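See structure below.
The values are calculated or read from the model by the stated rules, or taken from the named source; none is laboratory data. Predicted model, so just to flag it, every value in this text is computed and none were measured. As a convention, Cβ positions derive from the backbone with ideal geometry for all residues, glycine included, and neighbour counts pool all protein chains shown.
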Amino acid sequence: MANRVNLSESEMPRQWYNVLPDLPVPLAPPLDPQTHKPVEPQVLSAIFPMALIEQEMSAQRFIDIPDEVLQILGLWRPTPLVRARRLEAAIGSKAAIWYKDESRSPAGSHKPNTAVPQAYYNKKAGIRRLATETGAGQWGTALSFACKMFDMACTVYMVRVSYEHKPYRGILIRAYGAEVFPSPSDRTRFGRSMLASDPTSSGSLGVAISEAVEDAATHNDTNYALGSVLNHVLLHQTITGLETRKQLAMLGIQPDVLIGCVGGGSNFAGLVLPFVPDKLEGKKIRFLGIEPHACPTLTRGEFRYDYGDVARLTPLIKMHTLGHGFMPAPIHAGGLRYHGDAPILCHLVHHGLAEAKAYYQTEVFEAARLFLQTEGFLPAPETAHAIKGAIDAAKAAEPGQNVVFLYSGHGLLDLSSYDAFLRGELKDFAYPEESIKEALKACPDIKGD
Ligand SMILES: Cc1ncc(COP(=O)(O)O)c(C=O)c1O
């Protein structure tokens, strides 16, 4: 039996899959915060190129991947699908565990799958610089790499707690030629206002997004790029699910459970969306997203319209939210601490097509250590959530079933988190119910929501 399935370069998908036309119930549109009417494309064009805005709303089922993008993705794609036999043996699993390895990209995660097309479409639209936020630093690294590929400048606002915990990510971002600032920073009006009220603020993704959006909106030659949540980001990530579908078909395997960790939802959605038509046709496939108890958006958030950022600069989007003012505890999976999730993913969860489960960080790091000591690779703390989910799903599975998870990134620049784990210093944290209730009070009231 196979231990790994590789695709040849010529088998790399040439089109992304757009789930929007296949959804049984249409997705709720993003709303203008003033009028509460669906956002006009021109409003978004202040910070995004038209090609991405079209993809955001497209009704076309398959969208061509430009040749220039394919060439760069070809630096590391297609990625292998690997059987984790030694992990299976260690947990006594009767089910097979497979993982789609997205850690082999230049940045070390799935994030370049969308960073490259986003930089490409912005370059084509005449944009000189991209501004963005980053949590764990993976997205900032990915966009820095992608901007360099298209000879563009890049500014990264990195959540202060990660900037301090993970200095090596900042160094890598600078080595790619981008600039990186801890957020809140004194570079934007919003950052300065946050620092004035709390000079020691550890920051959040919501704050860093506000800074990056403000930077883009106040500079004509600059646009904004988001590493997750938006429809076009999930679209670009479907390349992983499309490859996985081919790889499983080559083995004659039908997956029983597909698993991914969920920050904003892009790696999990990228894996599962190409399987939505199979599920709608009646095939029994579970889609299982894994999140931290410290940021339990899908498991405990409310499904309603909210802002994507703290300064309320973004349109209102319908999603599972903990409230846009949510300030997460400084857990070590920095990429899983966003207050909301991708509307497409939330829509699937709301309509019963996908499920979610939450874990504490120590049990997640235990799973990561077991993976390291059996399969040999060090996962990112975010990815470790998917591993924990896959271990539990495999233990509960029937003999012969297939559990497939997305290995979203390596943890070689997260060693300080592993150090804290090995020293027994990690604390488990569940976001308190009262804090959720309090933060949700700030959500806008939308009629019929
Ligand atoms: C390695 C890794 N996995 C997962 C995530 C979560 O993001 P998403 O849910 O958009 O895939 C991140 C975010 O930074 C990440 O760095």
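Restricted to strands (runs of 3 or more DSSP E) entirely inside region 106-206, those with at least 1 residues that are among the basic types (Lys, Arg) and surrounded by fewer than 24 Cβ atoms within 10 Å (Cβ to Cβ) are 129-134. If I go through region 20-42 residue by residue, how many of them are surrounded by 15 or more Cβ atoms within 10 Å (Cβ to Cβ) and not in a loop (DSSP other than H, G, I, E, B)? Adding up the residues that qualify gives 2.
Taking only region 376-417 into account, find how many residues are assigned to a helix (DSSP H, G or I) and surrounded by 21 or more Cβ atoms within 10 Å (Cβ to Cβ). It would help to see each step written out before you state the result.
Here is the first cut: in region 376-417, the residues assigned to a helix (DSSP H, G or I) are 381-396, 415-417.
Cutting the leftovers down to surrounded by 21 or more Cβ atoms within 10 Å (Cβ to Cβ) gives us 381-391, 393-394, 417.
Within region 376-417, residues that are assigned to a helix (DSSP H, G or I) and surrounded by 21 or more Cβ atoms within 10 Å (Cβ to Cβ) number 14.
A Cβ distance below 7 Å, combined with a sequence gap of six or more or placement on separate chains, defines the contacts here; from region 379-400, residues that are within 16 Å of the ligand (Cβ to nearest atom) and of a type in the set (Asp, Glu) reach residues that are modelled with pLDDT of 95 or more and not in a loop (DSSP other than H, G, I, E, B) in the pairs GLU382/CYS261; GLU382/GLY409.
The condition (being free of Cβ contacts under 8 Å to residues at least 24 places away in the same chain and under 25 Å from ASN3 (Cα atoms)) is satisfied by just one residue among GLY252, GLY270: GLY252.
Among residues of region 290-307 that are under 15 Å from ILE331 (Cβ atoms), those with a beta-carbon under 8 Å from a residue that is part of a loop (DSSP other than H, G, I, E, B) and charged (D, E, K, R) at least six positions away or on a different chain give the pairs PRO292/ARG337; HIS293/ASP428; ALA294/ARG337; CYS295/ARG337; THR297/ASP341.
GLY335 is checked against (1) in a helix (DSSP H, G or I); (2) modelled with pLDDT of 95 or more and fails just one. What number does that condition carry? Exception for GLY335: condition (2).
Does GLY260 satisfy the condition of being within 20 Å of VAL349 (Cβ to Cβ), within 16 Å of the ligand (Cβ to nearest atom) and part of a loop (DSSP other than H, G, I, E, B)? No: the conditions fail for GLY260. Somewhere in region 387-397, is a residue under 23 Å from VAL276 (Cα atoms), touching a helix residue (DSSP H, G or I) at 6+ places or on another chain (Cβ under 7 Å) and basic (Lys, Arg)? No, every residue in region 387-397 fails to be under 23 Å from VAL276 (Cα atoms), touching a helix residue (DSSP H, G or I) at 6+ places or on another chain (Cβ under 7 Å) and basic (Lys, Arg).
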